[in-house]
Each structure stands twice: as structure tokens, then as C-alpha cells.
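Working notes for the structure below.
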Amino acid sequence: MTTVTAPPEQTAGRVAEKPAPGSAARARNDRMRALDGLRILAALMVCMYHYAGKNGNVAESWGQSPGVKFPTLSSFATYGSMGVQLFFIISGFVICMSSWGRSVGDFFRSRVARLYPAYWVAIVLVTTAALVLPVVVEPVRPDELLVNLTMLQQPMGVHRVLGVCWTLWVELRFYVLFAVFVVWKGVTYRRVVVFCCAWTLAGAFARIADNPLTDALVMRDHAPYFIGGLALYLIHRYGSDLLLWGIVLVSVLLGQRYSVTANWHPGMTGDFQRSPYVIEAIVLLAFLAVAAVALGWLRWANWRWLTFAGTLTYPFYLVHEHLGWFVIRLLNRGLELSPYVTLPATVLTMLTLAYLLHRFVEKPIGPRLKRTMAAQALRVRARGASG
């Protein structure tokens, strides 16, 4: 049985990678329900942005700008787009945690089984809604629809069926980078730290190069959030360390810069104005929230409903935008319900649909798909050995 001792330390010219006292069992058994709570919070932030924090299609659904419909709420909802940054920090934390001790094949199969089943069904649902009510969602051509099924529509220059799927393209690139440079030879403390430092420097060099290809490969603007999440998981697993906290601090400093430049510019006018200081505060709070989980400060938030809410996050994120606009138009302009009734009713409808997707798509199909891919991989290896 493995003995749990001190955090990683330099011993005989190599790193002795052992978790801090008690953290190995915590890493295996602690469900960290607070992390599930942060995930659903991030999803609801993005949802409020799409329903009450921007113009465009949602304004067409309401019949006027949400800034007029919800003059107070919209001033907060416009910052909801930054739930994406919280998602990326959580993703770095969770991917590092879930890939520990796994082969690259296991990592690949788990990601495919997790992402694609609900995504395919969401594509079908939104496409159907686009055909029924194209005034809300414009349908794409059949060739574009088929490319969307691959999740590679953005680099292929194809119109997206799901507006939110740009973040999935970012996530996919993170998975590939982490699989190639860390998971391929086994996830260890040292490999993750080297990966974090190298990725941070690569992002700085990519900005100097200012080349679309290097930007796409390195993701210079999104990388700090994933890197911060990776370092926070190492802190959770091994305990506090100046090097790890240094990585987190650099990620915060770089991340706030990207968030400000992406969400604010001088002279912003109109219904939805943002403050750079509020943006910086939200970035800091996002990192602090995941840090509180990493340090165990939120272990008291151990309610089972948080786990249930966490299971709804991904399907809810996929379907809430376009289908939500569909429901808003139906309830507010069709049935003439009050905006303050329509808004929570739409969120509840999307959460219900997310539960149905989880119950009847993710839960039965995901594990079966993963088992099938694993069995086929074993057969291929067996044939190779016999050959």
C-alpha cells in the first residue's frame, strides 16, 4: 500500500511526487460538490448574458432590447459572458484531476463519450427549431450541418449551428495539447508544471509573432485560465507551493488583461456598457472561487443537489441559447406573458430539457460509447500482438 508523505521534493536528482498528507484520499474520494456548484453558476451566467445582456437575436425574440426590458438586470447580465472564463479555469482543474493515472487512449475515449452524444442531439434540436421558426435561428445548409457534427466547424469556416460551440473548439485544442505533452507519457507533477510554464511562455511568444496559426495552436488569450486551473489542481493534490501559486498568479495577471481587451473598449456606449474594473474583479473572483475549492475551504458545501446541478451543466449550456430565444418569443410575444415571468420560465424550461438530455442521452449512450471504443481498442491490440 502506498505511503502518503510530504509534497513533491527534490530527492537524489529526481522529483519524489507524493501528495501532501491526506490529500491522496481526498483527491480520490472528495466529490468536490462545490465545483459542481461553480459549473452551474458559470452556465447560468452565460445564460443570463444570452437572455438579458446583449442585443441581436435575443432582442428580436423580446421585440426590443433587453436593456429596455430589464434596465437593472441587464446591467449585471452583460457581464455574464465571463462565465466562460470560469468554465475554462474549472476545465483545467477537472481535466488534470480526471486524467491522472490514465492512458492517452482512456483520455481520448472519455472526452469523446462525454462531449459528443449530447452535442449531436443539441445540433438536431436546434436545427429543427431553425426550420420551424427561422426568424429566431437561421438554418444552415446541409453541408454545413454535417460539418457541425464533427465539432470542427470553426476552423473549417462553416456557420455554427450552436452559437456557444466556439468554446468547445477552445476546449478541444486544450485537450489535444494536454494529451500530447502530458497524458501521452503519464500525468505527473513535474510534467504538468513544465507544461504550464512552457504554455505560458508560448503564449507570450505567439503574441510577438502575431500569426493566426500560432494563435490557433497556442490559444494565447484563453491559455491562462486553463493553466491556472491545472496549477490549482496540483495545489489541491499536493498542497500549497510557491511555484504553483506563482503559476496561478501569472495566470490571473494575464487572464485579466485578455478579459478586459475582449469585453471592453474605450467609449463603449449603448444599452450594455461594461467597466474594466468590474471585469478585472470577476476574473479575480473566478480564480479565488476555484482556489477555495482546491484548498478545501468549500468542502462544507456538500449538498447532493449540487451534484445533480453539475450533471445538467453541459447539456444546459448546449441548448439554452437558440432554443431559449425560441421559448422567449413564444411566451413573451406569442402568449403575451410578462418579461419577468418569461425569463425564469425560459430558464426552467431549458433546465428541464437539459435533464432530459442527461437522462436519456448522456447517461445511457456516453458509457456505452466509451465501453465500445475500449473493447475495439483491445481487439486491435490483440490482433497486433498475434500478428
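The values are calculated or read from the model by the stated rules, or taken from the named source; none is laboratory data. Quantities reported herein were computed from a predicted structural model and do not represent experimental measurements. Neighbour counts run over all protein chains shown; Cβ positions are idealised from the backbone, glycine included.
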Search result, residues across the range 49-65 that are surrounded by fewer than 16 Cβ atoms within 10 Å (Cβ to Cβ) and either of a type in the set (A, V, I, L, M) or in a helix (DSSP H, G or I) (or both): E60
Those residues of the range 186-216 which are in contact (Cβ under 8 Å) with a residue 24 or more places away in the chain, surrounded by 14 or more Cβ atoms within 10 Å (Cβ to Cβ) and either closer than 24 Å to L232 by Cα or of a type in the set (D, E, K, R) (or both), in sequence order: V187, T188, Y189, V192, V193, F195, C196, C197, W199, T200, G203
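Only one residue in R207, R190, R220 is over 20 Å from A42 (Cβ atoms) and within 17 Å of the chain's Cα centre (by Cα), so which one is that? Even if it seems obvious, please write down each step before you answer.
Working: R207 fails: within 17 Å of the chain's Cα centre (by Cα); R190 fails: within 17 Å of the chain's Cα centre (by Cα).
Answer to the check: R220.
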Residue check for V158: of a type in the set (V, I, T) and either in a helix (DSSP H, G or I) or surrounded by 15 or more Cβ atoms within 10 Å (Cβ to Cβ) (or both): yes
Single match in V176, V121, V137, V183 (criterion: buried (at least 20 other Cβ atoms within 10 Å of the Cβ) and closer than 24 Å to V94 by Cβ): V183
Residue within the range 355-377 that is at pLDDT 95 or above, touching a Gly at 6+ places or on another chain (Cβ under 7 Å), among the aliphatic types (A, V, I, L, M) and assigned to a helix (DSSP H, G or I) present: no
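Considering V126, V135, V170, V112, which residue is over 25 Å from L312 (Cβ atoms) and either assigned to a helix (DSSP H, G or I) or touching a residue at least 40 places away in the same chain (Cβ under 8 Å) (or both)?
Working: V126 fails: over 25 Å from L312 (Cβ atoms); V170 fails: over 25 Å from L312 (Cβ atoms); V112 fails: over 25 Å from L312 (Cβ atoms).
Only one candidate qualifies: V135.
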Condition broken by L285, with the remaining ones in (1) surrounded by 14 or more Cβ atoms within 10 Å (Cβ to Cβ); (2) assigned to a helix (DSSP H, G or I) satisfied: (1)
Residue list for the range 220-246, restricted to those being surrounded by fewer than 24 Cβ atoms within 10 Å (Cβ to Cβ) and closer than 18 Å to A206 by Cβ: R220, D221, H222
Condition met for V147 (under 25 Å from V361 (Cα atoms) and more than 19 Å from the chain's Cα centre (by Cα)): yes
Test: residue in the range 332-351 that is more than 18 Å from M45 (Cα to Cα), touching a helix residue (DSSP H, G or I) at 6+ places or on another chain (Cβ under 7 Å), among the polar types (S, T, N, Q) and crowded, with 17+ Cβ neighbours inside 10 Å: yes
Exclusive hit being at pLDDT below 95, basic (K, R) and in contact with a Phe, Trp or Tyr (Cβ under 9 Å, 6 or more places away or on another chain), set R102, R160, R141: R160
The one condition in (1) under 30 Å from P367 (Cβ atoms); (2) part of a helix (DSSP H, G or I); (3) out of contact with any Ser or Thr (no Cβ under 8 Å at 6 or more places or on another chain) that V68 fails to fulfil: (1)
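Which of the residues spanning the range 193-222 are of a type in the set (D, E, K, R) and part of a helix (DSSP H, G or I)?
Initially, the range 193-222 is screened for residues of a type in the set (D, E, K, R), giving 207, 210, 215, 220-221.
Matches in the range 193-222: R207, D215.
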Pair list, Cβ under 8 Å, 6 or more apart: the range 283-297 residue at negative phi and among the aromatic types (F, W, Y), other residue at pLDDT 95 or above and surrounded by 23 or more Cβ atoms within 10 Å (Cβ to Cβ): F287/I89; F287/G228; F287/L232; F287/V248; F287/S251; F287/G255
